[in-house]
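Read through the structure below, which is laid out as structure tokens, and then see the notes.
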Amino acid sequence: VEYVTAEEVQTAQAESRDAKITHWIRCLQIAVKLLFPSERALCDQIFEGKHAWKDHCFAAATSKSLLNLLSFGQAISKSKTSPDKVFLLLDMFDRTLELQSEVEAVFAGDECAENRKSASTLVKCLAQAAKKTLIDFKDSIVKESPKNTSTDGDVHPLTSYVGNYIKYLMDYQSSLKLIFQESSNGDGTKSGLVSEISGLIHAVETNLDVKAKQYKDHALGILFLMNNINYIVRSIRSSEAKDLVGDDWIQRRRRTVQQHATQYKRVAWGKVLDCLSAQGLTSSVGSATEGIAGSVGSIGSHSSTTSTSVIKARFKSFNKQFEEVCQTQMNWAIPDKELRDNLILAVAEVLLPAYRSFLKRFG
């Protein structure tokens, strides 16, 4: 294992960097569990009875090797952040933390104080780097271009990425709790890991709200929000994150999905349903009925003709609006089958009775 600078790590390709990290973790374990203890045993054997000498010689013999090992970890912790990098940092943090007690034991004594400090510093640097990576990721989500939207209202790649990202984070839950020192504030609000996970989700929701406003069709924007928030809810419910955010959080988001579904139904199908309103037709139909019942004169005949044409125009308007909505929404998406089926049923439960009633009355 050679000494590595932050610049060398910065220019390395991701695949090469990942392979080096895996190799480094193995080397660190071998060094701390086997090589350094063997060197310590050898020094103790040669300089038996001379405590100051054996500690001094052991420190001198191992410092450069330890420095080389730690330099790679330091370089990784200082290199440019990216969302996926957090998992590498957490792997490194886990391994160095696990080995910390063995480092303390093998590098005991005043002569090795600097070595112990260097190893301890690396653990802290990796923790800080992981924390910073998550904070930077949260900020980047909010700033993600609002114009980058799907044409069919489907789940956005950002939403699915963050959903999967949180699932993977849960594999490091114990480490993240240590890093964020999870606790409860005096006012009862939670901090630490819960706050970070909630912050990531809130950042996505904020970005989605901005993206939804970019749609020219208001109904499609609502559908977009419904799809994406529903995806977030399902992702959280299917991961260990559900225990962190709690049932209340999940229920609130489910209600939000339902509210978007109701709003979509009103906005997307409102004009179609307006065509099935009896408003403006009742009086003309009434005068037509009176005209027919009274051995119609010219006024009755005129009313009958007028009412028929108005009704025909209303049916024609309904057919046109209905066809336009269908043609438009054929290109829209609701990937969640359960949500899609429920929404179709909800539209049918409003539309079909209204149409039947209108047809029975004016057909």
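The values are calculated or read from the model by the stated rules, or taken from the named source; none is laboratory data. Just so we're clear, the structure is a prediction, and the values are computed from it rather than from any experiment. Positions of Cβ are backbone-derived with ideal geometry, glycine not excepted, and every protein chain shown enters the neighbour counts. We work out accessible area using only protein heavy atoms, side chains counted, and drop any ligands, DNA or RNA first. Shrake-Rupley method; radii C 1.70, N 1.55, O 1.52, S 1.80 Å.
Test each condition in (1) on the phi < 0 side of the Ramachandran plot; (2) under 33 Å from the mean Cα position of the chain (by Cα) for GLY153 and report the one that comes out false.
(1)
State the number of residues belonging to the range 78-90 that are buried (at least 16 other Cβ atoms within 10 Å of the Cβ) and farther than 21 Å from THR5 by Cβ.
Qualifying residue count for the region: 4.
Mind counting the residues in the range 323-344 that are part of a helix (DSSP H, G or I) and open to solvent by 70 Å² or more (accessible area, probe 1.4 Å)?
8
Counting only residues that are among the charged types (D, E, K, R), outside any loop (DSSP other than H, G, I, E, B) and over 14 Å from SER150 (Cα atoms), which one in the range 182-220 is modelled with the highest pLDDT?
GLU205
Considering only the range 221-253, how many residues are open to solvent by 60 Å² or more (accessible area, probe 1.4 Å) and assigned to a helix (DSSP H, G or I)?
The total comes to 9.
Taking the condition loosely packed, with under 13 Cβ neighbours inside 10 Å and in contact (Cβ under 8 Å) with a residue 40 or more places away in the chain, does GLU2 pass?
Details: loosely packed, with under 13 Cβ neighbours inside 10 Å: yes; in contact (Cβ under 8 Å) with a residue 40 or more places away in the chain: yes.
In short, yes.
Of these, ALA41, ALA75, ALA59, ALA52, which one is surrounded by 14 or more Cβ atoms within 10 Å (Cβ to Cβ) and within 14 Å of PHE107 (Cα to Cα)?
ALA59
Run SER65 past the list (1) open to solvent by 50 Å² or more (accessible area, probe 1.4 Å); (2) not in a helix (DSSP H, G or I) and report the number of the one that doesn't hold.
For SER65, the exception is condition (2).
Of the residues that sit in the range 109-152 and are assigned to a helix (DSSP H, G or I) and more than 25 Å from LYS80 (Cα to Cα), which one is most open to solvent (accessible area, probe 1.4 Å)?
Applying the filter and picking the extreme gives ASP110.
When you go through LEU42, LEU28, LEU35 one by one, which is the residue that is within 21 Å of VAL86 (Cα to Cα) and either assigned to a helix (DSSP H, G or I) or not charged (D, E, K, R) (or both)?
Within the list LEU42, LEU28, LEU35, the selection yields LEU28.
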